[in-house]
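Notes follow once the structure below has been shown.
The values are calculated or read from the model by the stated rules, or taken from the named source; none is laboratory data. Only a predicted model underlies this, so the values are computations on that prediction, with no experimental measurement involved. Positions of Cβ are generated from backbone atoms using ideal geometry, with glycine treated the same way; all protein chains shown enter the neighbour counts. These accessible areas exclude ligands, DNA and RNA; they are computed on the full protein's heavy atoms, side chains included. Shrake-Rupley method; radii C 1.70, N 1.55, O 1.52, S 1.80 Å.
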Amino acid sequence: PPDSTTTKVQKKYSATIKMSTASSSAIAPFLESRSSRQLYHDRTLALLSTLAATSSPQTTSLLTLPNHPTHSSERRSTSTFLLRPPSSEELSVLLDPSLCNCRLVNPNVEIRLMYRVAGNGEGKSMAKWDLSAALKEQVRNNGFGGEWLILGVLLDGPDDATTTTATASSSAASALSNVAGLSNNTLLSECILEPGSSLHDNSEVSRTHVMKHASIVGCGSVTCPRSVVEASRKKCRFDMQRGSMDVEVGPEAGGGRLVRVCVESTLVDVCRDLNMDSGVTLAPLVPQPPTPKNDDVPAIPMNSLAPRSSLLHTPTAAHVALLPHSTIRSAQSVLSALLLPHAAISWGVTASHALLQWDATLTSHSDAHRVFLMERSEVGPHSFTANAIYGADAHVSGGEVHCTVFGPNANGHHQSLLIGILWPLGRGNVGYGSNVGSNHTGRIPDQETSVGEGTFWGLGSVIKFPVDLTHAPYSIVAAGVQLPPQRITLPFSLITDGPNNMNLLTPGWLLHYSPYTIARSEVKFANRRMAKRHDFYTGWKILRAGVMDMLVDARESLLSAGRRQQQQQQQSGGEGTSGNRAPASAVQGYKTDKAIPGLGANQLTEKGRQIGIKAYTAAIQRYALRGLLHRLVTMAKAQDEVLSAEDVLRHVGLEGVLAVSGHDMETTTSSTSKVNWPVLPWNEEAHTDPEAQWKHQHSLLMKELPSIISSTTNTNNNNISILSTLLQKCVALEQDHAKRVYQSKSRDDARGAKTVPGYADVHVAAEKDSVALAAREEAESVKRDVAVVEEMMGIATGGGGARSRL
């Protein structure tokens with residue numbers, strides 16, 4: 001009777017996979033992916049262990065394996081397989097030139113036939129089945145070599161699977177990859193070829209495990225030599241089983257920022273590894289996989305192709321693992337690569353030491369070495385990248401990216417250069433000809449640049465390292481600008497060529513002159529956020545708590561510069577001026593961060609300073625007042641009983657508001673003088689906690705209150721009147737924002753119509769633009785909400801009580 005081999009590894013299949021109850025549901029897909037990879041690894045290990053456990057070449061073994069989770073048609077969770085040597089009749093059929101026409105490249109190769117047992121207790125009888133007919137149908141013109149080979153045979157009854165034939169609309173490769181069996185392979189050596197696998201027209205396939213419905217077609221050399229495995233481990237600690245490796249980012253000379261990434265890592269994990277979060281994170285981390293034990297490591301390194309994966313028309317592939325529905329297609333060479341489901345390496349790519357998450361892509365004659373692509377990221381066509389980490393939904397084509405963290409939703413669609421870039425929050429754009437890579441001092445290429453969220457590198461810009469823009473998010477470096485080494489902490493700025501060979505910076509330019517860009521970006525990022533597994537941390541707002549804190553610091557720097565100019569004017573015997581405006585006669589401009597902290601190596605005009613103060617103040621107050629309005633509207637919808645005005649004010653934390661309304665705006669010392677990373681969006685308490693956001697909005701509101709009250713003509717001195725003033729200010733700011741969104745788009749329309757023939761016929765006018773219309777509708781919605789709240793408060797009618805009409 002056949003021997004039943006039960007190994008330690010096989011027992012894992014009967015155990016239920018349990019995830020720690022402490023793990024967040026947000027990282028559940030990442031942990032499930034790791035468990036799935038482990039199952040495929042264990043399957044390979046079980047088959048190798050069974051092969052090694054056979055006492056003689058003539059031994060027949062029974063092996064129970066779990067059915068693949070991708071096979072929804074399977075009725076049972078496990079299947080039993082027979083492994084036995086071919087009978088003399090079957091071997092004759094394999095070697096007969098008129099039948100299977102196969103050859104023994106090594107006369108001593110031990111062949112094992114593998115097929116599925118139909119049911120319980122039928123192993124003994126099925127071990128004697130003659131598979132000659134199935135072999136003639138599924139195996140033809142192959143060379144068998146090496147020390148051993150497991151040859152799968154698909155049986156109609158037990159396997160309950162049908163082979164797919166080519167259709168008129170399918171390509172030859174697609175057709176062959178769907179035909180179960182082996183044909184025209186020059187050498188098959190030390191492989192596990194499960195029943196239902198497809199291998200056709202290959203030169204050499206060795207040390208490879210091909211599972212049911214997986215395919216290798218038209219390839220040159222598909223191997224897994226121990227030398228490649230050891231070289232990958234030595235170069236970057238590449239570990240296929242754990243799905244991990246080291247990536248060096250930052251200094252190109254190396255030795256600086258080494259990140260240990262796993263194929264299931266998130267940007268939260270990467271930032272933690274780089275200490276960008278100061279060792280504190282509120283978002284869940286994906287734990288590093290455990291170190292495998294000695295008995296969990298295959299004695300023979302193997303490539304692995306899971307069900308529905310494919311390796312097509314690739315001259316060289318070694319040390320690769322493909323999860324279901326992933327593919328390597330028409331690549332040039334792929335060494336040490338792990339692809340999660342639906343990932344792809346295709347069309348002339350040369351890749352080594354690559355980890356690709358779900359739906360990630362390396363394509364079209366790109367070179368990629370020591371790279372980690374998160375979900376839905378894409379590199380290619382014609383890109384060269386090494387030692388790079390790509391965040392979810394990031395895209396690069398036609399450029400070079402080295403030693404870089406390229407954050408989510410960042411894009412570089414043109415020929416450009418990025419070296420030593422730390423851009424964890426992404427969401428920016430790299431224009432054609434941008435050279436963000438002047439990292440060599442003439443001594444050693446060890447310089448780097450840290451980039452803020454939403455940075456736009458203009459056409460042909462040249463960035464000389466080191467540069468820090470992390471506290472200047474959504475800033476634009478205009479076309480042709482050469483940016484010398486510096487640190488800028490003025491958000492939403494525009495940097496252009498200026499007089500006297502010094503760049504001109506306008507703080508808050510995007511907020512003041514181009515709010516359309518910000519409004520459109522909010523919609524664009526939401527629509528392009530296709531990496532749903534990373535959605536728990538990538539969906540942050542642009543105008544959020546952390547950005548508001550940067551605006552407060554930046555405004556204080558601009559205000560302090562004006563006050564210093566006033567003091568200098570007074571000390572020199574001139575007439576002082578009131579307010580925030582410095583005397584024009586004394587101010588020829590502000591140069592470098594010696595004049596204004598955070599200005600960097602740029603100059604700033606007095607007009608630009610005023611624009612920045614106005615833009616930052618409007619954004620801060622709009623953020624705070626929208627929080628107040630949301631709080632009041634929520635209360636109006638929840639309350640039915642009559643509330644006093646004092647109760648309403650207490651609910652929004654404005655009791656005793658008169659005590660602070662007469663004081664000047666509170667000033668704070670800028671915190672950006674210290675060189676550190678800003679608070680990452682997912683580490684802001686307000687990222688997932690509405691109460692924390694309201695607390696932050698309320699804090700800003702109390703600081704802005706004196707400025708808001710002093711800017712109105714309302715002379716009534718009571719709390720309700722002040723609340724009404726705040727609500728009307730909210731309406732005014734929202735209407736002004738909608739107006740400026742419209743104007744920023746209409747300026748482009750007017751300029752284009754005056755310049756390009758037929759421009760108006762092919763461009764959407766501001767009056768019909770969806771972004772401008774949405775901004776106007778938002779302003780109208782705010783106005784309606786304010787009307788509801790004022791009626792609830794009795795403000796509009798002068799009443800003292802309050803009862804929600806809702």
Give the residue, chosen from Leu340, Leu335, that is open to solvent by 10 Å² or more (accessible area, probe 1.4 Å) and in contact with a strand residue (DSSP E or B) (Cβ under 7 Å, 6 or more places away or on another chain).
Leu335
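Here is a yes/no grid of residues against (1) touching a Gly at 6+ places or on another chain (Cβ under 8 Å); (2) under 24 Å from Val451 (Cα atoms); (3) open to solvent by less than 10 Å² (accessible area, probe 1.4 Å); (4) not charged (D, E, K, R):
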residue: Asn275; (1), (2), (3), (4): no, yes, no, yes
residue: Ala317; (1), (2), (3), (4): no, no, yes, yes
residue: Ser330; (1), (2), (3), (4): yes, no, no, yes
residue: Ala351; (1), (2), (3), (4): no, no, yes, yes
residue: Ser364; (1), (2), (3), (4): yes, no, no, yes
residue: His369; (1), (2), (3), (4): no, yes, no, yes
residue: Phe372; (1), (2), (3), (4): no, yes, yes, yes
Within the stretch 131-144, is even one residue under 24 Å from Pro66 (Cβ atoms), under 47 Å from the mean Cα position of the chain (by Cα), charged (D, E, K, R) and part of a strand (DSSP E or B)?
no
His471 fails exactly one of (1) open to solvent by less than 10 Å² (accessible area, probe 1.4 Å); (2) within 25 Å of the chain's Cα centre (by Cα), namely (1)
Between a first residue in the stretch 79-98 that is closer than 15 Å to Ile150 by Cα and a second residue that is of a type in the set (Lys, Arg) and open to solvent by less than 10 Å² (accessible area, probe 1.4 Å), which pairs have beta carbons less than 8 Å apart while being 6 or more apart in sequence or on different chains?
Leu83/Arg112; Arg84/Arg112; Pro85/Arg112
With the requirement that a residue be open to solvent by 20 Å² or more (accessible area, probe 1.4 Å), touching a Phe, Trp or Tyr at 6+ places or on another chain (Cβ under 8 Å) and not in a loop (DSSP other than H, G, I, E, B), what does the stretch 424-449 give you?
Asn429, Ser438
If you go through the stretch 226-273 one residue at a time, how many are within 15 Å of Thr291 (Cβ to Cβ) and open to solvent by 70 Å² or more (accessible area, probe 1.4 Å)?
2
Go through (1) of a type in the set (Lys, Arg); (2) in contact with a helix residue (DSSP H, G or I) (Cβ under 9 Å, 6 or more places away or on another chain); (3) part of a helix (DSSP H, G or I) and name the single condition Lys524 misses.
(2)
Verdict on Ser746 being closer than 21 Å to Lys614 by Cβ and either touching a Cys at 6+ places or on another chain (Cβ under 6 Å) or of a type in the set (Ser, Thr, Tyr) (or both)
yes
Of the numbered conditions (1) out of contact with any Pro (no Cβ under 6 Å at 6 or more places or on another chain); (2) basic (Lys, Arg); (3) more than 18 Å from Val229 (Cα to Cα), Lys293 satisfies every one except a single condition; which is it?
(3)
Please state which of the following conditions Thr64 fails to meet, knowing it meets all the rest: (1) modelled with pLDDT under 95; (2) closer than 21 Å to Gly143 by Cα; (3) open to solvent by 50 Å² or more (accessible area, probe 1.4 Å).
(2)
All but one of (1) part of a loop (DSSP other than H, G, I, E, B); (2) over 23 Å from the mean Cα position of the chain (by Cα) hold for His512; which doesn't?
(1)
Can you report the number of residues in the stretch 359-376 which are more than 16 Å from the chain's Cα centre (by Cα) and not in a strand (DSSP E or B)?
3
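Answer yes if at least one residue in the stretch 482-492 is in a helix (DSSP H, G or I), at pLDDT 95 or above and over 16 Å from Tyr590 (Cα atoms), and no otherwise.
Of the residues in the stretch 482-492, the ones in a helix (DSSP H, G or I) are none.
No, because not a single residue in the stretch 482-492 is in a helix (DSSP H, G or I), at pLDDT 95 or above and over 16 Å from Tyr590 (Cα atoms).
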Cβ pairs under 6 Å, 6+ apart or interchain, first in the stretch 119-138 and at pLDDT 95 or above, second open to solvent by less than 30 Å² (accessible area, probe 1.4 Å) and acidic (Asp, Glu), ordered by first then second residue, are Leu131/Glu90; Ser132/Glu90
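Here's the yes/no breakdown for (1) out of contact with any His (no Cβ under 8 Å at 6 or more places or on another chain); (2) farther than 30 Å from Val648 by Cα; (3) at pLDDT below 95:
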{"residue": "Ile720", "(1), (2), (3)": "yes, no, yes"}
{"residue": "Gly758", "(1), (2), (3)": "yes, yes, no"}
{"residue": "Asp769", "(1), (2), (3)": "yes, yes, no"}
{"residue": "Arg776", "(1), (2), (3)": "yes, no, no"}
If we ask which residues in the stretch 377-399 are outside any strand (DSSP E or B) and over 23 Å from Asp446 (Cβ atoms), their number turns out to be 11
The residue that is modelled with the highest pLDDT, considering only those in the stretch 67-96 that are more than 21 Å from Leu47 (Cα to Cα) and under 38 Å from the mean Cα position of the chain (by Cα), is Arg75
So which residues in the stretch 450-461 are part of a loop (DSSP other than H, G, I, E, B) and either small (Gly, Ala, Ser) or open to solvent by less than 50 Å² (accessible area, probe 1.4 Å) (or both)?
Val451, Gly452, Glu453, Gly454, Thr455, Gly458, Gly460, Ser461
Would you say Pro324 is out of contact with any Ser or Thr (no Cβ under 9 Å at 6 or more places or on another chain), within 16 Å of Arg43 (Cα to Cα) and of a type outside the set (D, E, K, R)?
no
Find all pairs meeting these conditions: Cβ atoms under 6 angstrom apart; at least six residues apart or on different chains; first residue within the stretch 541-552 and farther than 11 Å from Ala686 by Cα and in contact (Cβ under 8 Å) with a residue 24 or more places away in the chain; second residue assigned to a helix (DSSP H, G or I) and of a type in the set (Phe, Trp, Tyr).
Leu543/Tyr623; Met548/Tyr623; Leu551/Tyr616
By residue number, the members of the stretch 588-638 that are crowded, with 21+ Cβ neighbours inside 10 Å, in a loop (DSSP other than H, G, I, E, B) and of a type in the set (A, V, I, L, M, F, W, C) are Ile596, Leu599
For the stretch 287-299, does any single residue satisfy the condition of being under 29 Å from Thr404 (Cα atoms), crowded, with 19+ Cβ neighbours inside 10 Å and either at pLDDT 95 or above or not polar (S, T, N, Q) (or both)?
no
Of the residues Ala775, Ala766, only one is under 22 Å from Val523 (Cβ atoms), part of a loop (DSSP other than H, G, I, E, B), under 34 Å from the mean Cα position of the chain (by Cα) and of a type outside the set (Val, Ile, Thr); which?
Ala766
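Yes or no, residue by residue, for (1) touching a Ser or Thr at 6+ places or on another chain (Cβ under 7 Å); (2) without any contact (Cβ under 8 Å) to a residue 40 or more places away in the chain:
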{"position": "Val467", "(1), (2)": "yes, yes"}
{"position": "His471", "(1), (2)": "yes, no"}
{"position": "Ser475", "(1), (2)": "yes, yes"}
{"position": "Pro485", "(1), (2)": "no, no"}
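This table checks each residue for (1) closer than 30 Å to Ser377 by Cβ; (2) of a type outside the set (Ser, Thr, Tyr); (3) at pLDDT 95 or above.
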{"site": "Ile542", "(1), (2), (3)": "yes, yes, yes"}
{"site": "Leu559", "(1), (2), (3)": "no, yes, yes"}
{"site": "Gln568", "(1), (2), (3)": "no, yes, no"}
{"site": "Gln588", "(1), (2), (3)": "no, yes, no"}
{"site": "Asn602", "(1), (2), (3)": "no, yes, yes"}
{"site": "Gly608", "(1), (2), (3)": "no, yes, yes"}
{"site": "Thr617", "(1), (2), (3)": "no, no, yes"}
Give the number of residues within the stretch 400-423 that are surrounded by fewer than 22 Cβ atoms within 10 Å (Cβ to Cβ) and either outside any strand (DSSP E or B) or among the small types (Gly, Ala, Ser) (or both).
3
